[in-house]
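A short write-up of the structure that comes next.
The values are calculated or read from the model by the stated rules, or taken from the named source; none is laboratory data. Since the model is a prediction, treat every value here as computed from it, not as a measurement. With ideal geometry, Cβ positions are generated from the backbone for all residues, glycine too; neighbour counts draw on all protein chains shown. Calculation scope for accessible area: heavy atoms of the full protein, side chains included, ligands and nucleic acids excluded. Shrake-Rupley method; radii C 1.70, N 1.55, O 1.52, S 1.80 Å.
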Amino acid sequence: MTSIETAERYFHLAADVMDLSSNMRRLMLTPLRQVKVQIAMHRDNGEIGTYIGYRIQHDKARGPMKGGLRYHPEVNGEEVLSLAQLMTWKTAVVNLPYGGAKGGISVDPSTLSEGEMERITRKFVDEIHDVIGPDKDIPAPDMGTGAQHMAWIANQYEKYHGFSPACVTGKPVELHGADGRVEATGRGVAIVTEAALRELRREVKGVTVAVQGFGNVGSYAALILHEMGARVVAVSDAFGGIQNPEGLDIPALMEYMKETRKVEGFPGSDACKNEDILAAEVDVLIPAAIGGVLTGENAPHVRAQLIIEAANSPVTPEADEIFEQKGILVIPDILANAGGVTVSYFEWVQNQQYFRWDIDKVRVELAKRMAEGFGKVFQIAAEKKVSPRVAAYVLGIGRVGRAIALGGI
Ligand code: NAD
């Protein structure tokens, strides 16, 4: 099943529960605008490099569109569209005044030098600057991009439109970024994990956790759960995994990663394969890398009681059905990883007001939003007797649908 088929399948499951008409379904699934551009640049070796960039704007019924920029060799129009749809429902689940969008460049960032990365990013802005902006569509980091990319985007955008720090979020703190944005998605994942464990009448303290993907989201989710008393026993990245049944020292691992860029070889751990992470004997499994990793094939081997979708779309519909049959609780991406866009919203608010919040305020407001979203999703799940995933879609689609109806076509 392709990424767009997966996204639409989940949409229709909720739309069936809501008895949504076929016309309304078509309207809500059809993207507003799809931009596909050529990005050409001089490589360091003098050759010309040509790449394809995308920005897909799915829906703006509830406000300016919002979504990350992904630099990855597998970025393609269909995947970006499915991720843009997810953003529309996600911003609605945590009740942010935004619509949904997503973008990216089909490129392997590890093949680019720092200078090439800057040039490709600035060229991309040259191509899309007139369709993005603080009140139109606000990009943010995703896989393969970070604060430095956002700084280049703001700088290039401002060459056309003047000072507008709110045109992009996830910027460095020194350049109008928000304290707490870097950790935000991981912190949101940890907050949601604690709430889901409460539903299972368990506490965070002492639970065992495995995390696939030790990038921005996975590393902070692991760190904050470790600080809350969980035992993170296995983690992996694109190069392989490590484990220690006694628990990994996550702060030390994050320090180690600054030097090595890989989890491999971390003192006091044993190497393991990426597949072992997914089948690890743990209480909580957190896929925090890429989409489609839990499939009909490997789902029967999963031993965790709780799966938190920190990545976007890590569980395929086939795996989702298996987990439901096995009584494994899955917290869906549009709730679980909404902490990033929530703090991006706080950054945008601060940029518009020229006023900086302190980190404590950011953390308190994030916890409040995540708890509200979680509470609503579980309330709908109980009322309608559906999974948290279907409930989250019912919540998101319902809010977007009401905005469309009130605003008019
Ligand atoms: P990142 O680039 O910082 O990290 C990705 C991590 O996954 C790296 O450790 C990489 O080595 C690892 N990885 C890649 N392929 C892998 C594989 N096949 N097996 C195991 N590990 C693999 O990216 P990120 O920002 O942490 O994003 C991770 C996921 O979370 C993505 O799905 C992204 O869409 C989603 N997400 C990110 C944010 C955010 O704020 N960054 C917000 C919401 C959702």
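Selection over segment 92-128 of residues that are out of contact with any strand residue (DSSP E or B) (no Cβ under 6 Å at 6 or more places or on another chain) and closer than 21 Å to Val192 by Cβ gives a count of 5. Scanning segment 229-268 for residues that are open to solvent by 60 Å² or more (accessible area, probe 1.4 Å), within 14 Å of the ligand (Cβ to nearest atom) and more than 17 Å from Ile286 (Cβ to Cβ) yields Phe239, Lys258, Arg261, Lys262, Glu264. Comparison of Ala338, Ala304, Ala310 shows that the only residue that is within 15 Å of the ligand (Cβ to nearest atom) and under 21 Å from Asp237 (Cβ atoms) is Ala310.
Of all residues in segment 269-281, those being near the ligand (Cβ under 10 Å from one of its atoms) and touching a residue at least 40 places away in the same chain (Cβ under 8 Å) number 3.
Of all the numbered requirements in (1) open to solvent by 50 Å² or more (accessible area, probe 1.4 Å); (2) away from the ligand (no atom under 16 Å from the Cβ); (3) part of a helix (DSSP H, G or I), Glu203 misses one, and that requirement is (3).
Okay, residues lined up against (1) closer than 28 Å to Asn274 by Cα; (2) touching a Pro at 6+ places or on another chain (Cβ under 9 Å):
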{"position": "Asp108", "(1), (2)": "yes, yes"}
{"position": "Gln156", "(1), (2)": "no, no"}
{"position": "Asp179", "(1), (2)": "no, no"}
{"position": "Glu203", "(1), (2)": "yes, no"}
{"position": "Gly215", "(1), (2)": "yes, no"}
{"position": "Ala221", "(1), (2)": "yes, no"}
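Checked against the criterion of being hydrophobic (A, V, I, L, M, F, W, C) and surrounded by fewer than 21 Cβ atoms within 10 Å (Cβ to Cβ), segment 275-282 contains one or more residues that satisfy it. Flag: Val182 matches the condition of being within 13 Å of the ligand (Cβ to nearest atom) and either open to solvent by 10 Å² or more (accessible area, probe 1.4 Å) or closer than 22 Å to Val80 by Cβ (or both).
Kindly indicate whether His58 is free of Cβ contacts under 8 Å to residues at least 60 places away in the same chain, open to solvent by less than 50 Å² (accessible area, probe 1.4 Å) and under 26 Å from the mean Cα position of the chain (by Cα). The answer is yes for His58.
Annotation note: of Asp283, Asp358, the sole residue that is out of contact with any Leu (no Cβ under 7 Å at 6 or more places or on another chain) and either closer than 18 Å to Gln212 by Cβ or of a type in the set (Asp, Glu) (or both) is Asp358.
Out of the residues in segment 152-202 that are over 22 Å from the mean Cα position of the chain (by Cα) and among the aliphatic types (A, V, I, L, M), which is nearest to Thr121 (Cα to Cα)? Applying the filter and picking the extreme gives Leu175.
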